[in-house]
Amino acid sequence: MWCADLKAALGQRFNFGSIVCFAGVVAKNRHLALPHVAVPDIRYINWVDLRRRGFEGVVFDKDNAITAPYSLTLWGPLASSLEQCKSVFSPNVAVFSNSAGLFEYDHDGSRARTLEGAIGIKVIRHRVKKPAGNAEEIGKHFGCESSQLIMVGDQPFTDIVYGNQNGFLTILTEPLSLAGEPFIVKQVGCWDFVEWIQYFWQGGCKLWYLEMNENPLVAGFRLNVYLMVYELILKKLCSLKAIPMASKIEFCFTVTLFILVSTSEAAISTPAPSTTTRRQQSEALLIWKASLDNDNTSLLSSWVGNSACHWVGIVCDDISSVRHVNLTGYGLKGTIQSFSFSSFPNLQTLILSNNSLYGTIPFNIANLSSLTYLDLSVNQFFGRIPSEISLLIGLQFIYLGNNRINESIPHEVGKLGNLTILSLRDNDLCGRIPEEIGMLKSLSVLELRKNNLTGSIPASIGNLTKLTKMYMMHNQLYGSIPPEIGKLKLLTHVGFVANQLNGSIPLEMNNLTYLKFVILSENKFSGYLPQNVCASLSLEIFTAHSNYFVGSIPMSLRNCTSLVRMRLERNQLSGNISEELGVYPNLDYIDLSFNNLYGEVSQKWGQCQKLQSLKISNNRISGVIPPQLAGATQLHVLDLSSNNLVGTIPKGLKSLVSLFNLNLAENKLNGSVPLEIGMLSNLQNLNIAVNNVSGSIPRQLIGCRKLVNLNLSKNQFSENVPYEIGSLQFIQVLDLSYNLLTGQIPPEIGGLKTLEVFNLSHNAFSGSIPSTFDEMLSLTAVDISSNQLEGPLPDSKVFYQAPIEAYENNKGLCGNVMGLSACPSSRKHSNDLVILVVVLVLGTLFLAVIVSGIMYVLCIRLPARNNLNRPRDAQNENPFQIWSFDGKMTYRNIIEATENFHPRHCVGEGGHASVYKAGLQTGQAVAVKRFNTINEGVVADPKAFESEIDALLQIRHRNIVKLLGFVHIHSTLFGLWIRGRRKFRKDTKR
């Protein structure tokens with residue numbers, strides 16, 4: 001045995017095959033020693049990026065790659081990086097080492113097993129020592145092509161050559177430590193790097209290298225530049241001169257060469273951006289800003305220049321690398337397709353919530369390798385959650401709620417082992433909840449509410465032992481709650497409302513002693529409620545309504561003084577309500593309606609000072625309404641309807657001044673309505689229907705001015721309806737049916753402009769329906785049957801369209817409605833008659849005006865003209881006189897005014913006549929022209945006279961006076977001229 005151990009120790013420390021390989025590589029195949037990537041250690045490798053590029057697994061060398069030389073424990077500083085690698089590639093991670101797992105030196109596999117137990121990675125057993133041999137054992141283990149695998153090691157002539165000649169992606173690391181290595185190994189380990197650098201120094205060339213410090217450095221050098229460099233190094237490898245040992249050791253520990261031979265970004269992670277990198281980050285943000293749709297980018301007015309660290313919403317670290325982007329609520333509209341995620345390898349926080357961003361979430365968001373906080377909530381993203389998001393292994397918070405994401409939750413989400421909050425609420429997610437959700441062992445909040453998820457709740461949720469809040473409400477989940485929920489002992493909030501879950505609540509749920517919110521409503525649960533739901537005395541919200549629960553109310557609720565809200569309505573619960581409930585100083589809402597509970601209304605409810613809503617309707621509660629209930633002065637809703645309550649309505653309810661809904665219907669209450677009811681000024685709904693309440697309807701209801709619904713039906717109310725009811729201007733439903741009310745319907749009710757439902761049926765109302773009902777335009781339903789009403793129906797659409805049953809059994813109603821007789825003289829006919837009379841009177845007046853005008857034209861104007869134009873005989877023709885007075889009277893007035901035509905009144909003389917000025921007794925001044933006559937009063941020149949008359953009748957001019965008329969009397973012919981209207985009358989007197 002000791003011989004085998006000695007052979008193993010010597011073989012591990014002296015790899016003759018590697019030496020032979022070195023000679024062969026230098027002579028013929030120099031490219032095999034060229035790694036694809038070189039890094040100081042595995043902490044510098046971006047496992048997420050490699051996984052995104054399609055690689056399926058990782059193979060590690062052991063010594064000086066992940067452990068100290070010949071050690072079987074992981075090198076401490078590499079623990080976090082190795083865990084990240086396992087979370088990304090698990091289970092396709094293995095060790096392929098010459099010191100553990102090689103049959104020649106680890107014949108019983110003990111070293112391999114020890115190493116597996118220490119680092120949690122499979123050690124592949126193999127027979128051929130690296131770099132010789134093929135990848136057959138590795139291929140069998142991984143089940144994929146070697147081209148999809150990554151080889152990580154510290155020896156270029158062992159690990160790198162083996163990986164390259166078998167088609168792996170090769171990553172060269174620096175040795176973790178040279179302590180314990182043989183002298184020749186130490187020299188070769190330093191010489192690998194230092195000799196290449198020395199060659200370039202001697203040739204006057206500078207090779208890209210970066211000194212190590214506490215912050216790793218990034219470099220992404222392209223193949224077309226550095227492949228040539230490596231080829232030149234290998235060609236001159238044998239001709240290098242000796243280098244002092246001190247220099248070799250110094251360079252071995254202070255110089256690191258970063259080479260990335262890939263088609264795009266470096267597969268190594270590093271902070272410390274150069275000035276160029278900072279400029280690239282600024283340019284990347286400006287490009288994305290320019291791609292947005294709207295003008296709200298003015299809110300990003302500070303985004304100018306090359307230094308993003310001073311921009312709004314951007315926070316950098318102490319080396320000017322962008323670490324946080326927070327643009328919540330900036331009104332941004334557009335997509336994030338143009339966001340260059342690969343430009344921000346150190347970004348930890350990305351918050352774009354409360355905007356109008358849309359489109360899909362790009363898969364290359366996985367390039368944010370340092371991201372821990374992602375918030376894209378309250379936007380319009382749709383499509384799928386990219387499976388590549390699983391590569392962001394550092395993510396701790398994901399908020400994608402309030403979007404339109406409409407595909408299933410990717411199974412790969414289970415790889416986010418550091419996730420603490422996963423919020424996917426208010427989307428259109430479909431499909432099942434993946435079993436892999438149970439792999440999120442760090443998860444504390446799971447929000448899946450308001451989606452379209454189907455299937456059952458996976459049992460794997462029992463693995464989420466750190467979970468405190470789980471919301472799955474408003475989905476389409478079915479099946480039962482898995483008993484594994486009992487393992488979630490830290491759970492405080494659980495919500496399953498509005499699903500299709502069934503079965504009984506598992507007993508294991510009684511193990512959850514920190515519950516504060518339990519919401520089980522609107523499912524198909526059966527069996528008993530969880531009995532220890534308030535074992536911690538910290539329960540605040542407990543709702544389980546609309547299920548099929550049976551049994552009594554859990555006893556743990558009796559002393560649950562932390563309770564704020566409890567809804568257990570619409571189940572099949574039974575038990576004595578007086579014994580199972582206590583005093584709840586914080587309770588503001590309780591609903592136990594529609595169950596089979598019995599007992600009495602407890603006086604203790606009056607001690608619940610914060611209680612606003614008490615609903616215990618549709619049970620088998622008996623006894624009286626306790627006056628102590630008035631102590632719950634914050635009550636807004638009191639619903640005790642559909643029980644077996646007796647006694648009177650307590651006067652003390654007047655203290656419930658905040659009450660707006662009082663429902664005592666369908667009990668066995670008696671007595672009268674207390675007058676104090678009018679003090680409930682905020683009351684909107686008063687329902688006392690189906691009791692034995694008697695007396696008159698109190699006028700004090702006028703104090704309830706906000707009443708919307710008043711239902712007093714099916715009681716023993718009598719006497720008249722108080723007219724004050726007509727002052728309830730907000731009322732919409734008024735039901736007074738099935739009582740003993742008498743008298744006439746108050747006309748004031750017709751003034752209720754908001755009334756929609758009106759029922760007075762089965763009373764003893766008499767008289768006619770008030771005409772004010774014609775104006776009740778908001779009415780949609782009416783019933784006045786079984787009364788003593790008579791007369792016409794109101795002129796309203798609702799009355800015409802109501803069924804005959806709404807009018808039957810009255811004394812003598814009539815109207816144009818099927819089933820009723822027509823009214824002998826309805827108000828409608830009276831109105832028509834009034835309209836007809838008005839039309840006839842106006843028409844007659846109009847016709848009289850028209851006829852008078854016509855008669856004036858025909859009888860006065862036209863005859864006057866005709867007479868003037870007709871030839872006359874001076875002896876036989878009748879002379880004209882002024883129409884408005886007698887000719888003789890006018891003549892006498894003219895004689896008096898002119899003193900019998902005295903010369904002093906003469907104003908002018910002509911050949912045939914003289915003109916006199918006459919002032920009449922009316923104050924009117926006229927000119928009188930007296931024509932000269934010959935024997936027997938004949939005018940000297942009658943033709944001249946007629947011509948002058950015709951001319952004066954036709955001519956209109958401001959300087960010519962108008963002819964009033966002419967008179968031939970007592971053998972004297974004279975005419976009158978004055979400015980004014982002409983009127984003529986034919987006179988038969990001479």
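The values are calculated or read from the model by the stated rules, or taken from the named source; none is laboratory data. None of the values given here were measured: they were computed from a predicted structure. In this analysis, Cβ positions are derived from the backbone assuming ideal geometry, glycine residues included, and neighbour counts consider all displayed protein chains. To get the accessible areas, we keep the full protein, side chains included, count just its heavy atoms, and leave off ligands, DNA and RNA. Shrake-Rupley method; radii C 1.70, N 1.55, O 1.52, S 1.80 Å.
Okay, here's what the table says:
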{"read-out": "Unique match (being under 18 Å from Val757 (Cβ atoms), among the small types (Gly, Ala, Ser) and at pLDDT below 95) among Gly726, Gly703, Gly678", "value": "Gly726"}
{"read-out": "Criterion: over 40 Å from the mean Cα position of the chain (by Cα) and open to solvent by less than 30 Å² (accessible area, probe 1.4 Å) - qualifying residue of Asn810, Asn787, Asn816", "value": "Asn787"}
{"read-out": "Condition check for Phe157: closer than 15 Å to Pro69 by Cβ and at pLDDT below 85", "value": "no"}
{"read-out": "Residue that is surrounded by the most Cβ atoms within 10 Å (Cβ to Cβ) [pool: residues in segment 122-180 that are hydroxyl-bearing (Ser, Thr, Tyr) and touching a Pro at 6+ places or on another chain (Cβ under 8 Å)]", "value": "Tyr162"}
{"read-out": "Residues within segment 383-441 that are more than 20 Å from the chain's Cα centre (by Cα) and at positive phi, tallied", "value": "1"}
{"read-out": "Residue match in segment 272-281 (condition: within 17 Å of Ser343 (Cα to Cα), modelled with pLDDT of 80 or more, part of a helix (DSSP H, G or I) and open to solvent by less than 40 Å² (accessible area, probe 1.4 Å))", "value": "yes"}
{"read-out": "Boolean, Ser556 is among the small types (Gly, Ala, Ser), touching a Cys at 6+ places or on another chain (Cβ under 7 Å), closer than 20 Å to Leu507 by Cβ and free of Cβ contacts under 8 Å to residues at least 40 places away in the same chain", "value": "yes"}
{"read-out": "Residue match in segment 43-59 (condition: open to solvent by 10 Å² or more (accessible area, probe 1.4 Å), modelled with pLDDT under 80, more than 60 Å from the chain's Cα centre (by Cα) and over 18 Å from Gln165 (Cβ atoms))", "value": "no"}
{"read-out": "Gly139 vs. criteria under 23 Å from Gly54 (Cα atoms), assigned to a helix (DSSP H, G or I) and without any contact (Cβ under 8 Å) to a residue 60 or more places away in the chain", "value": "yes"}
{"read-out": "Any hit, segment 400-414, residues being of a type in the set (S, T, N, Q), touching a residue at least 40 places away in the same chain (Cβ under 8 Å) and surrounded by 17 or more Cβ atoms within 10 Å (Cβ to Cβ)", "value": "no"}
{"read-out": "Residue in segment 105-115 that is crowded, with 21+ Cβ neighbours inside 10 Å and in a loop (DSSP other than H, G, I, E, B) present", "value": "yes"}
{"read-out": "Segment 312-345: number of residues that are farther than 14 Å from Asn403 by Cβ, open to solvent by less than 10 Å² (accessible area, probe 1.4 Å) and in a loop (DSSP other than H, G, I, E, B)", "value": "5"}
{"read-out": "Which numbered condition Gly527 misses (of (1) small (Gly, Ala, Ser); (2) more than 29 Å from Asn406 (Cα to Cα); (3) crowded, with 21+ Cβ neighbours inside 10 Å)", "value": "(3)"}
{"read-out": "Test for Leu440: is it buried (at least 21 other Cβ atoms within 10 Å of the Cβ) and touching a helix residue (DSSP H, G or I) at 6+ places or on another chain (Cβ under 8 Å)", "value": "yes"}
{"read-out": "Residue that is most open to solvent (accessible area, probe 1.4 Å) [pool: residues in segment 84-104 that are of a type in the set (Ser, Thr, Tyr) and part of a loop (DSSP other than H, G, I, E, B)]", "value": "Ser90"}
{"read-out": "Residues (of a type outside the set (Ser, Thr, Tyr) and surrounded by fewer than 22 Cβ atoms within 10 Å (Cβ to Cβ)) located in segment 708-721", "value": "Val708, Asn709, Asn711, Lys714, Gln716, Glu719, Asn720"}
{"read-out": "Residue satisfying all of: in segment 611-670; in contact with a Leu (Cβ under 7 Å, 6 or more places away or on another chain), of a type in the set (Ser, Thr, Tyr) and within 25 Å of Asp735 (Cα to Cα); surrounded by the fewest Cβ atoms within 10 Å (Cβ to Cβ) among these", "value": "Thr648"}
{"read-out": "Tally of residues being crowded, with 21+ Cβ neighbours inside 10 Å and in contact with a strand residue (DSSP E or B) (Cβ under 7 Å, 6 or more places away or on another chain) across segment 356-367", "value": "2"}
{"read-out": "Subset of segment 452-484 (residues that are crowded, with 16+ Cβ neighbours inside 10 Å, under 14 Å from Lys441 (Cα atoms) and in contact with a helix residue (DSSP H, G or I) (Cβ under 7 Å, 6 or more places away or on another chain))", "value": "Ser460, Ile461, Gly462, Asn463, Leu464"}
{"read-out": "Exclusive hit being at pLDDT 95 or above and either open to solvent by 30 Å² or more (accessible area, probe 1.4 Å) or of a type outside the set (D, E, K, R) (or both), set Val550, Val583", "value": "Val550"}
{"read-out": "Where Glu522 falls short, out of the listed (1) modelled with pLDDT of 95 or more; (2) open to solvent by 10 Å² or more (accessible area, probe 1.4 Å); (3) touching a helix residue (DSSP H, G or I) at 6+ places or on another chain (Cβ under 6 Å)", "value": "(3)"}
{"read-out": "Complete set of residues in segment 722-780 that are buried (at least 16 other Cβ atoms within 10 Å of the Cβ), free of Cβ contacts under 8 Å to residues at least 40 places away in the same chain and among the charged types (D, E, K, R)", "value": "Glu724, Glu748, Glu756"}
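One line per residue, one yes/no per condition, for (1) acidic (Asp, Glu); (2) in contact (Cβ under 8 Å) with a residue 60 or more places away in the chain; (3) farther than 21 Å from Leu755 by Cα:
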residue: Gln788; (1), (2), (3): no, no, yes
residue: Asp795; (1), (2), (3): yes, no, no
residue: Tyr800; (1), (2), (3): no, no, no
residue: Ala806; (1), (2), (3): no, no, no
residue: Gly812; (1), (2), (3): no, no, yes
